[in-house]
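For reference, the structure discussed in these notes is given below.
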Amino acid sequence: MKWTSVDLQKYDQAKEYIDTIIVPLAPFQIGALEASAKNADQYDVLTLFARELEKELMGRIMLTPIYTYITSAEKLQEAERINEWTNHFKEQPFKQVLYISFDPSWRKIANDLEGEFIWLPTASLKDADPAAVKGIIRDQTLQTVELIKSFW
Amino acid sequence: MSDEKRQVSRRQFLNYTLTGVGGFMAAGLLISPVRMAIDPVLKHDEGGDFANVGLEVSEITSDPQRVDWSVDQVDGWYESEVSRSAWVYRNDNDEIVAFSPVCKHLGCVVSWEGSDDYPDQYYCPCHDGRYYKDGVNVPGTPPLQPLDVYEQEERDGMLFLGNIRPHEEA
């Protein structure tokens, strides 16, 4: 399910089946060109990827809007805010709160997060042709689906 | 010659012109209601487009295989590419069947032999929904309906899939 009015109606009727919420985390900045552009590309890929993941498992997961933060932000402070999100979700109740991100720096403070952090290896799609992009996203989706299944 | 020309009298000439002009006006007035009346005939079925899924019919076996393809979907002014997939196999009557992989419970994607515990069945990872090879839901699992099927046809040896319809044996 996505955070849309149509899906929220479905969620409301099937709450007991949808016990997992997925929060994509993406850094952003507008500064040095190369680094900013890289963040922007990754944001796109994360959006695409999260959408595919949701399609695959829509009957059991809810996908939230992307949580964005400034690339240089103090991660511990961000973690506090993410935990606020997490507590809000757990009230619903969602049993599993999973964060997905290309940003490996969360790994270090994964213990301070109240949900599970899943790091995804970066897939650069900038120069790939559309057919290859589909293949890459599909592969990564299926692998992540397996990983998510292990939490159930 | 000149006698014959005079056979069109002034009265007749006026009659002809008035009928002509009146006819055009009547046609002009009628054209929109008529167009509206026969509209259902002119409207083409937008969902009826078949798409080549890139699979040769001769390659279809009794083992279900997954095909992925994409179609252009026009939603008002917004045109987008939507990806579709299906599980295709040849049933016992040698007919080709293409199932939509969307679970009838809550819409997850099912896969053939998706669980090692249930060979020869479609399996939904979300809530352990299962379907037999013919797409019918296994009683006692969450789904209450069989998998939907795609309309299909063969063109030049390639498989084309169209609209999704409910399973007929339900």
**Prompt:** Taking all pairs of different Cα atoms in region A:1-94, averaging 1/r and flipping that mean, what Kirkwood radius in angstroms comes out?
**Reply:** 14.6
**Asked** What order do you get for B:S62, B:S85, B:S70 when you list them from fewest to most C-beta neighbours inside 10 Å?
**Response** B:S62, B:S70, B:S85
**Request:** Determine by what factor the alpha-carbon radius of gyration of chain B differs from 2.2 N^0.38 Å, reporting the quotient.
**Result:** 1.87
**Item:** Residue-averaged [θ]222 nm for the protein assembly as shown, counting only DSSP H segments that reach four residues, each worth -39500 (n - 2.57)
**Value:** -11000 deg cm²/dmol
**Fill in**
Square roots of five times the C-alpha gyration tensor eigenvalues of region B:2-42, ordered largest first and given in whole Å, equal 37, 10, 4
**Asked** Counting pairs of alpha carbon atoms under 8 Å apart in space and at least six apart in sequence, what relative contact order in percent does chain B give?
**Response** 18
**Message:** Can you tell me what share of the DSSP beta bridges in the protein assembly as shown is antiparallel? A percent to the nearest 5 is fine.
**Reply:** 65
**Message:** Considering all alpha-carbon pairs of region B:87-132, what whole percent are spaced by more than 14 angstrom?
**Reply:** 47
**When each of A:K55/A:K108; A:K75/A:K149; A:K149/B:K104 is checked by Cα-Cα distance, pairs over 21 Å** = A:K55/A:K108; A:K75/A:K149
**Message:** Among B:E79, B:E59, B:E113, which one shows the highest mean-square fluctuation when chain B is modelled as a Gaussian network with alpha-carbon springs under 10 Å?
**Reply:** B:E79
**Request:** Within region B:100-138, report the chymotrypsin sites (Phe, Trp or Tyr not before Pro) that DSSP leaves as loop and that have at most 15 other Cβ atoms within 10 Å.
**Result:** B:Y132
**Request:** Please order B:C108, B:C103 by the number of other Cβ within 10 Å, starting at the fewest.
**Result:** B:C108, B:C103
**Request:** In a Gaussian network model over chain B where Cα atoms closer than 10 Å are linked, find which of B:Q65, B:Q12, B:Q152 has the largest mean-square fluctuation.
**Result:** B:Q12
**Complete:** Restricting to aspartates and glutamates and to Cα separations under 12 Å from A:K126, and discarding same-chain partners fewer than 8 apart, the set is A:D41, A:D44
**Prompt:** To one decimal place, what orientation-averaged projected area in nm² is obtained for the convex hull of the Cα set of the protein assembly as shown?
**Reply:** 30.3
**Request:** Give the value in nm², to one decimal: projected area of the alpha carbon convex hull of region B:88-170, averaged over all directions.
**Result:** 5.6
**Hz values of 3J(HN,Hα) by residue in region B:105-118 - Karplus curve (6.51, -1.76, 1.60), Gly and Pro given as x** = 7, 10, x, 6, 9, 8, 9, 5, 6, x, 10, 5, 6, 10
**Message:** Cut-off is 10 Å between beta-carbons; in what order do B:F99, B:F13, B:F160 appear when sorted fewest neighbours first?
**Reply:** B:F13, B:F160, B:F99
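No lab work stands behind these numbers, since they all come straight from the coordinates. Being a predicted model, the structure only gives us computed values, none of them experimental. Please note: Cβ atoms are built from the backbone with ideal geometry, for glycine as well, and neighbour counts cover all protein chains shown.
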